[in-house]
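The values are calculated or read from the model by the stated rules, or taken from the named source; none is laboratory data. In this text the structure is predicted, and so the values were computed from the model without any measurement. With ideal geometry, Cβ positions are generated from the backbone for all residues, glycine too; neighbour counts draw on all protein chains shown. When the accessible area is computed, the model is the full protein with side chains, heavy atoms only, and any ligands, DNA or RNA have been set aside. Shrake-Rupley method; radii C 1.70, N 1.55, O 1.52, S 1.80 Å.
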Amino acid sequence: MTVLFWALSVIIVFAILLAAQMRMIISMALRRALAAKFGGGPNDVEYRAAILSLGRAPAATEAEKHLEAEYPRPVGQLKLARRVSLGGPLALLIVVAIGRFWLGAF
């Protein structure tokens, strides 16, 4: 059981780190796509705001509408990475609590 605990812990930590990497890379690629379409630099505030609010509410700006129409798969992957980034630490906490109090792993 201890091996299962450590294996599950490593998998969850890997998923959290992978989700963080996905969020950074996809965000950068989508910001570059916005800069190529609308001009300006990929670090402009409106492009960062569009990526931040993307998928959380209905598209309000032209940039968000463009991304949802032209890049649905990266937007979906960004949503998945956000869910893993939020749920992963909770899952890790639960696994550590189970390992500590039920399995006596450490």
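Relative contact order for region 1-103: 44 percent, from Cα pairs under 8 Å spaced at least 6 residues apart, divided by residue count. Axis angle, to the nearest 10 degrees, between helix 2-38 and the longest C-alpha principal axis of the chain: 0 degrees. Subtracting the Cα-Cα distance of V10 and L93 from their residue separation scaled by 0.36 nm leaves 28.6 nm.
The relative contact order of region 23-75, computed from alpha carbon pairs under 8 Å that lie at least 6 residues apart in sequence, is 30 percent.
Computed over protein heavy atoms with a 1.4 Å probe, the carbon and sulfur contribution to the accessible area of region 1-103 reaches 70%. For the chain, the longest principal axis of the Cα atoms and the long axis of helix 72-98 meet at an angle of about 20 degrees.
At a probe radius of 1.4 angstrom, the accessible area of the chain per residue rounds to 66 square angstrom. Here's the picture: charge each Lys and Arg Cβ at +1 and each Asp and Glu Cβ at -1 in the chain, and of Q21, L54, A69 the one pushed furthest to the positive end of that dipole is Q21.
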